[in-house]
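Down below is the structure, laid out as structure tokens.
The values are calculated or read from the model by the stated rules, or taken from the named source; none is laboratory data. Only a predicted model underlies this, so the values are computations on that prediction, with no experimental measurement involved. Methodologically, a virtual Cβ is constructed for each residue, glycine included, from the backbone with ideal geometry; neighbour enumeration extends over all protein chains shown.
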């Protein structure tokens with residue numbers, strides 16, 4: 001855990017600071033879907049009903065908009081993309097970005113009111129999020145690894161720090 005002195009004037013961290021990894025979750029919509037809706041829940045909040053579409057771009061845009069409408073996600077904090085989807089059936093990936101980047105988040109759940117036959121829905125974490133060290137430190141902040149004295153600078157953002165070693169230290 002970093003020690004913060006002043007207003008991010010100096011951060012100290014035991015060990016090499018983690019750059020972090022954005023979490024990716026994969027939504028599966030399977031079977032022979034003919035219509036209907038579904039919702040997605042994230043950390044206690046549930047989206048409005050998402051109308052299924054056999055047009056991949058329309059469906060992915062609807063999923064993204066519904067998730068970003070949740071107050072615990074917000075605009076620009078997820079990116080939804082087609083995975084293996086064909087005509088609205090298959091997988092879509094949801095990557096946590098922006099304020100939710102570089103962190104481990106809870107697994108979303110899907111509730112289906114889809115129509116058709118052999119309907120299957122699900123959500124899995126395909127890339128676990130890894131918290132970045134020194135979260136909240138502004139771009140340009142310095143961090144010292146207290147185990148070896150190596151100095152790092154944040155070349156990323158406050159929400160998703162990227163800690164870059166300064167110079168050729170060993």
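Residue 128: in contact (Cβ under 8 Å) with a residue 60 or more places away in the chain, over 30 Å from residue 60 (Cα atoms) and either in the same structural domain as residue 31 (by TED's automatic domain parsing) or surrounded by fewer than 17 Cβ atoms within 10 Å (Cβ to Cβ) (or both), yes or no?
No, not satisfied.
Please indicate, with yes or no, whether at least one residue in the range 75-86 is assigned to a strand (DSSP E or B), modelled with pLDDT of 95 or more, assigned by TED's automatic domain parsing to the domain that holds residue 41 and over 19 Å from residue 47 (Cβ atoms).
yes
Give the range 2-32 a look and list any residue that's within 23 Å of residue 43 (Cβ to Cβ) and modelled with pLDDT under 80, or say none.
Passing the criteria: only 18.
Just give me the residues in the range 124-138 being assigned to a strand (DSSP E or B) and at pLDDT below 90, in sequence order.
The answer is 130, and nothing else.
Within the bounds of the range 52-60, is there any residue that is modelled with pLDDT of 95 or more and in a strand (DSSP E or B)?
no
Within the range 139-154, how many residues are under 25 Å from the mean Cα position of the chain (by Cα) and either without any contact (Cβ under 8 Å) to a residue 12 or more places away in the chain or surrounded by 13 or more Cβ atoms within 10 Å (Cβ to Cβ) (or both)?
Step one: of the range 139-154, the residues under 25 Å from the mean Cα position of the chain (by Cα) are 139-141, 143, 152-154.
Narrowing the set further to residues that are either without any contact (Cβ under 8 Å) to a residue 12 or more places away in the chain or surrounded by 13 or more Cβ atoms within 10 Å (Cβ to Cβ) (or both) leaves 141, 143, 152-154.
Of the residues in that region, 5 qualify.
Right, residue 121: in a strand (DSSP E or B), crowded, with 16+ Cβ neighbours inside 10 Å, within 17 Å of the chain's Cα centre (by Cα) and not assigned by TED's automatic domain parsing to the domain that holds residue 16 or not?
It is false that residue 121 is in a strand (DSSP E or B), crowded, with 16+ Cβ neighbours inside 10 Å, within 17 Å of the chain's Cα centre (by Cα) and not assigned by TED's automatic domain parsing to the domain that holds residue 16.
Given the criterion in contact with a helix residue (DSSP H, G or I) (Cβ under 6 Å, 6 or more places away or on another chain), under 20 Å from residue 23 (Cα atoms) and modelled with pLDDT of 95 or more, identify the matching residue among 92, 65.
Result of the check over 92, 65: 92.
Does residue 48 meet the test of being outside any strand (DSSP E or B), over 17 Å from the mean Cα position of the chain (by Cα) and outside the structural domain of residue 162 (by TED's automatic domain parsing)?
Yes, satisfied.
Can you find, within the range 73-89, the residue that is nearest to residue 19 (Cα to Cα) among those that are out of contact with any strand residue (DSSP E or B) (no Cβ under 6 Å at 6 or more places or on another chain) and exposed (fewer than 14 other Cβ atoms within 10 Å of the Cβ)?
Per the criteria, the residue is 76.
If you go through the range 139-170, how many residues are closer than 26 Å to residue 99 by Cβ, touching a strand residue (DSSP E or B) at 6+ places or on another chain (Cβ under 7 Å) and assigned to a loop (DSSP other than H, G, I, E, B)?
Qualifying residue count for the region: 6.
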